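Let me begin by presenting the structure, written as structure tokens, before commenting on it.
The values are calculated or read from the model by the stated rules, or taken from the named source; none is laboratory data. Because the structure is predicted, anything quoted here is derived from the model rather than measured. All Cβ positions, glycine included, derive from the backbone under ideal geometry; neighbour counts span all protein chains shown.
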Amino acid sequence: MSKKLLSLAMAMAFTVSMASVSMAGKVKCEVTAVDGHTVTMDCGKKAGKLHVGDKVSVKAKKAAAVEGC
């Protein structure tokens, strides 16, 4: 029975550690300037959630296709 409890405890520890790693905050920002390879964004009040060195993912809006005859 102690092996089952140990296995359960290890599985729970693994699950909790992976859940905390996978959580990421979402912050909506607006691009205010682009200078070469540097992008400046305004994130408003939620900028405090970001820290120097954080890895971020950015999605750009896709331009709608304009078709003509």
- For the range 5-28, which residues satisfy the criterion of being modelled with pLDDT under 80 and closer than 30 Å to GLY48 by Cβ? THR15, VAL16, SER17, MET18, ALA19, SER20, VAL21, SER22, MET23, ALA24, GLY25, LYS26
- Task: Filter the range 24-49 for residues that are touching a residue at least 24 places away in the same chain (Cβ under 8 Å) and surrounded by 10 or more Cβ atoms within 10 Å (Cβ to Cβ) and give the result.
- Result: LYS49
